[in-house]
1. Can you tell me which residue is farthest from residue B:205 (Cα to Cα) among those in segment B:120-179 that are among the charged types (D, E, K, R) and assigned to a loop (DSSP other than H, G, I, E, B)?
2. Is it the case, given these coordinates, that residue A:171 is facing chain B (nearest Cβ under 7 Å), among the basic types (Lys, Arg), part of a helix (DSSP H, G or I) and touching a Pro at 6+ places or on another chain (Cβ under 8 Å)?
3. Checking the structure you have, find out if any residue of segment A:189-205 is free of Cβ contacts under 8 Å to residues at least 12 places away in the same chain, away from chain B (no Cβ under 14 Å), of a type outside the set (Lys, Arg) and surrounded by fewer than 24 Cβ atoms within 10 Å (Cβ to Cβ).
4. Give A:221, A:186 a once-over and let me know the one that is in contact (Cβ under 8 Å) with a residue 12 or more places away in the chain, surrounded by 17 or more Cβ atoms within 10 Å (Cβ to Cβ), in contact with a Gly (Cβ under 7 Å, 6 or more places away or on another chain) and within 14 Å of chain B (Cβ to nearest Cβ).
5. Would segment A:112-119 turn up any residue that is more than 13 Å from chain B (Cβ to nearest Cβ) and not in a loop (DSSP other than H, G, I, E, B)?
6. Could you list, in sequence order, the residues of segment B:214-234 that are more than 13 Å from residue B:203 (Cβ to Cβ) and small (Gly, Ala, Ser)?
7. Kindly provide the set of residues from segment A:21-62 that are in contact with a Gly (Cβ under 6 Å, 6 or more places away or on another chain), closer than 16 Å to residue A:118 by Cβ and among the hydrophobic types (A, V, I, L, M, F, W, C), ordered by number.
8. Here is a check on your reading of the model: is residue B:124 among the acidic types (Asp, Glu), surrounded by fewer than 19 Cβ atoms within 10 Å (Cβ to Cβ) and touching a residue at least 24 places away in the same chain (Cβ under 8 Å)?
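The values are calculated or read from the model by the stated rules, or taken from the named source; none is laboratory data. Just so it is clear, the structure is predicted and the values come from calculations on it, not from any experiment. Cβ placement follows ideal geometry from the backbone for every residue including glycine, while neighbour counts extend to all protein chains displayed.
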Amino acid sequence: MLFISQTALELGFLYALVAMALYLSYRVLDIADLTTDGCFVLGAAVSVTLAAAGHPILAIPAAMASGACAGFVTAFLQTRLGVPSILAGIVTNTGLYTINLMAMGWKSNVSLLKQQTIFSLFQGLGLGGSWYETVLAVILTVAVGAVLIWFLGTRLGLSVRATGDNRDMVRASSVNPTFTITVGLCISNALTALSGAAVGQMQKTIDINGGTGVVVIGLACLIIGETIVGRGNALRGVAAVIVGSVVYRFIYAVVLTTRVVPIECLKLVTAIIVGLAIAMPSLKKWAAFQKRKMAAGRKGGR
Amino acid sequence: MLHVEGISKTFNPGTVNQKKALNNLSLHLAPGDFAAIVGSNGAGKSTLLNAVAGSFYVDEGRITLDGEDITFRPEHRRSRGIGRLFQDPMRGTAPHMTIEENLALAYLRTSRGSAPFSRISRKDKEFFAHQLKLLDMGLEDRMRQPVGLLSGGQRQALTLLMATLVPPRLLLLDEHTAALDPGTAEKVIALTREIVAREKITCLMVTHNMRQALELGSRTLMMDAGRIVLDVSGPERAAMTVEDLLLRFRQGAGKELDNDRILLSE
């Protein structure tokens, strides 16, 4: 049981970075960026390959830089070439499959054997005892979250937020929305790649299909978190994605051990939860309208 | 100051909806000019403002501001020197950001070249609070609230403040009080008059209120079919009544003024 909660915490914190990326693209910028799945694998592929070559620390910024490049391509497609934003993400995502294979040396999976990872290096420092992986995951995610909150309060960060809030106003405030969308998507995809990089090194293996459904799970975490923590400023947003991600991983762990839902069905269950949660405002409206119609009917409104 | 030389713009060329919105229009504004534009429906008043702001590029002609040719300069780069208010009070502010953050964003205008990672300082906040106090709407006590909670009039007053926080070289007002109730509109007009006079801002305003067009500012322009048909200022304007203005329009445009929103009295 302890082992399960430990794993849930570690994965919860590391995958929270994906949810944080989606908070930035989907909530702050108001763009559904579907580069996520491929970008997660890209981060993991770059990270594991570099760790296999003996550079586990360098692997992290390299993975983030590769993610930022993927975000740049998506942003370029939608801001300069007029590709609809959802399609831009899908196009990049498809292209990334080949890029990821290339990054993995044209193999469909890469594993670390005795090579060092950031986790084994951290263990060497002797911090956190047997919880060293959890401690590092928490430090990494909280630090990145703090930087993100700080960034959203800077002038550039304010411009990115305003771009998602009111694009007319942004142009009238001498901000170039093309630039702010590009900056936002580069940062968000760097975060997704960072998540992949850390998860890859922790699990010491990466499979070319390891990213399937990451975007939907990330959205689920975002929505679960916002339900618990609420919506508001950047601090609340970042807290929400961390809480949501940890809760999701605990639910996942419970399902895994108790088998209330067959584990093969979990992606379907996640998809249904996300679908319903995003549809909630429309469903509420529909229910209110039906109620109103029923009430009018009872009064005999003929 | 602002020189608009023979600009033309045709929308939807080659289709049944083809419309020549601006027709070889020229306009010169001297520094400190405050010109009010009135005109028929579809005369091209808002189109003129959009052309100057850079919402689209004109088909012909040249636009210069303080001697700089801005004809082909993109909108976000022109807006460093041009402040702008729309009719819809929702368009000028970001609803999910706080009053303070909205003001900080507008303050970006000055920060050209300064660090993108700079933050709002305590001094900036005091400056914002001082400026908000001048609006006399109690907004200085609500700086950390999202702008979405404000009324239309408060949002429009805030937009006016944001556009003039760093005095722009040119201020464009596109019927900025038309969507407000009469009392609030009066207040925003008073603020406009006060701020424009205090900062000596050159200003181009579209209005549907004939009386306002004569009283506010220093020049009255009338437009019809993408052209300026009347331009009065000085003593001639001071002696003018709304009836005179309508008569002059008829002489200039060769037809009656046709605007279903125009306010003749009030």
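1. The selected residue is B:144.
2. For residue A:171, the condition - facing chain B (nearest Cβ under 7 Å), among the basic types (Lys, Arg), part of a helix (DSSP H, G or I) and touching a Pro at 6+ places or on another chain (Cβ under 8 Å) - is met.
3. For segment A:189-205, residues free of Cβ contacts under 8 Å to residues at least 12 places away in the same chain, away from chain B (no Cβ under 14 Å), of a type outside the set (Lys, Arg) and surrounded by fewer than 24 Cβ atoms within 10 Å (Cβ to Cβ): present.
4. Result: A:186 is the single residue among A:221, A:186 that is in contact (Cβ under 8 Å) with a residue 12 or more places away in the chain, surrounded by 17 or more Cβ atoms within 10 Å (Cβ to Cβ), in contact with a Gly (Cβ under 7 Å, 6 or more places away or on another chain) and within 14 Å of chain B (Cβ to nearest Cβ).
5. yes
6. Selection gives B:225, B:226, B:233, B:234.
7. The answer is A:44, A:48.
8. Considered against the rule, which asks whether it is among the acidic types (Asp, Glu), surrounded by fewer than 19 Cβ atoms within 10 Å (Cβ to Cβ) and touching a residue at least 24 places away in the same chain (Cβ under 8 Å), residue B:124 comes out as no.
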